[in-house]
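The values are calculated or read from the model by the stated rules, or taken from the named source; none is laboratory data. As the structure is a computational prediction, the values presented were derived from the model and not from experiment. FYI the Cβ positions are ideal-geometry reconstructions off the backbone, even for glycines, and counts take in every protein chain you see. Heads up: the accessible areas ignore ligands, DNA and RNA and are worked out on the full protein's heavy atoms, side chains in. Shrake-Rupley method; radii C 1.70, N 1.55, O 1.52, S 1.80 Å.
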Amino acid sequence: MRSMGARTLLASAALVAVLAGCGSSTKSSAPPPPPTTASSSPAQATTTQSTTGGAGALQAEANATATGDIPDNQVFLTFHNRGVGWSMKYPEGWLQSGASQNVSFRDKNNIVRVIVVRGQYATAASIRSKLAAIKGAQIQSGPTQLTVAGAPAFKVVYTTVSAPNQVTGKRVTLVVDRYYLSRGNLEATVDLGTPRGVDNKDAYRLMVQSFRWK
């Protein structure tokens, strides 16, 4: 009898241990996966290369959403690049990327980029030499001498064609107004790109005319 009672007590204790183990496993949960973080570095404007190391040509992205005209009531803000020493207006809400000598503003395939380098004062001859080294750009006009904010400058118009859309195979032709703005040994190349068929002339004229050296 004592032996049977002892065996009964041992069996009961084992059952309790099993039930306790089952209870703890149902309440426990796997540790949560580590949180994911979005990249805080927006992509720079897509460009083709220049064999001279200067500003390459702007290029549209075929997979980007269709772009419309900048509205007439668009609000503009002023971007100050204190490190390099220039400022320019840009549309509120556009994505700004880059810093220092290479800054871009973008809304879909409306793209504006400012690159500042040290070098000789821009001339028509030096600009032609730089344009000849740019891959993928078809020059439409220029260099034409004009004034921007009362200072001498040069303007060139060129086009580029994007890679094909992965689904539709369509390509986007970007029409770019390029301005060369010089002060001393600093040269700013300002590219203002618009998909063909989109009219941003007034907004882009406002932007480039707002450029100021500091």
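Per-structure values
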| read-out | value |
| --- | --- |
| Accessible solvent surface per residue of region 86-183, calculated while the other protein chains remain in place, 1.4 angstrom probe, Å² | 48 |
| R0 of 45 Å, Cβ-Cβ distance Ala133-Asn73: FRET efficiency to nearest 0.05 | 0.65 |
| Within region 47-181: Cβ-based charge dipole about Cα centre, in debye rounded to nearest 20 (Lys, Arg +1; Asp, Glu -1) | 440 |
| Accessible surface of region 50-130, 1.4 Å probe, proportion on carbon and sulfur as whole % | 46 |
| Most to least accessible of Trp94, Trp86, Trp213 (protein chains only, probe 1.4 Å) | Trp213, Trp94, Trp86 |
| Total formal charge among the other residues, if their Cβ is under 11 angstrom from that of Ala151, Lys/Arg +1 and Asp/Glu -1 | +2 |
| Three-way shape label, region 127-201, alpha-carbon gyration tensor, a/c 1.5 | prolate |
| In Hz, Karplus ³J(HN,Hα) per residue of region 81-95 (6.51, -1.76, 1.60; θ = phi - 60°; x = Gly, Pro) | 9, 6, x, 9, x, 8, 9, 6, 6, 8, x, 4, x, 6, 6 |
| Residue order for Lys214, Lys135, Lys155 - accessible surface, 1.4 angstrom probe, largest first | Lys214, Lys135, Lys155 |
| Cα-based reach from Lys130 at 24 Å (exclusive), listing lysines while leaving out same-chain residues under 8 positions away | Lys155 |
| Set of aspartates and glutamates near Lys214 by C-alpha distance (under 18 Å), chain-local residues within fewer than 8 positions excluded | Glu187 |
| Fully extended contour minus Cα-Cα distance, from Ser87 to Ala163, at 0.36 nm per residue | 24.1 nm |
